[in-house]
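Each reported figure results from applying straightforward, stated rules to the coordinates on display, with no laboratory input. Just so it is clear, the structure is predicted and the values come from calculations on it, not from any experiment.
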Amino acid sequence: MPSTQFKYHNDFKLTEKQTVAEASQLLIDKNLSLVPVTDTAGKYLGVFSLNGLLALVLPRAALMEGGLTDLGFLSDRLEILQERMREHGARPVGDVLEKHVPIIHPETPLLEIVLHLYRAENDIPVVDNKSGQLLGLLLGTEFVSLLGAGV
């Protein structure tokens, strides 16, 4: 069954030139795990995610494969983390977007959507398979509610 029967939110998106501060505020205001990023013509480029936002305040050594896991020796006062976040606020999201995340297309089978949601535990960008245009964002919580998870 294709995914065309689901509602896609096309009001949750950013262009690559918008700032990290704007992107962060959208994540917070709309309680999203990620926001699709497009070029000025609406072509999908990637996402700005909550994980990507948190990565901006972590030391690089913690982000590397096999990197640090014990960060207790570093200063972690809230003010320091807030300052790190402010340092990135004016950066364009195009500089920090994630390109290798699951996406779906209007033709994506239902069980494949479930699999993507299971693996990513996120919202999923919906992209036109031919043009590469962003069609919207499928919210994981709305999809689960369609399944009757609260019944």
Notebook entry, point to check: Given 0.36 nm per residue, what is the gain on full extension from Leu50 to Ile80 after removing their alpha carbon distance, in nm?
Noted result: 8.9 nm
Margin query: How much length would be gained if the chain were fully extended between Leu115 and Val57, taking 0.36 nm per residue of separation minus their Cα-Cα distance, in nm to one decimal?
Written below: 17.8 nm
Notebook entry, point to check: For Asn10, which sequence-distant residues (separation of 5 or more, or a different chain) have an amide H within less than 5 Å of its own amide H, given hydrogens modelled in the peptide plane?
Noted result: Leu137
Item checked: Contour minus Cα-Cα distance for His100 and Ala21 (0.36 nm per residue) -> 26.2 nm
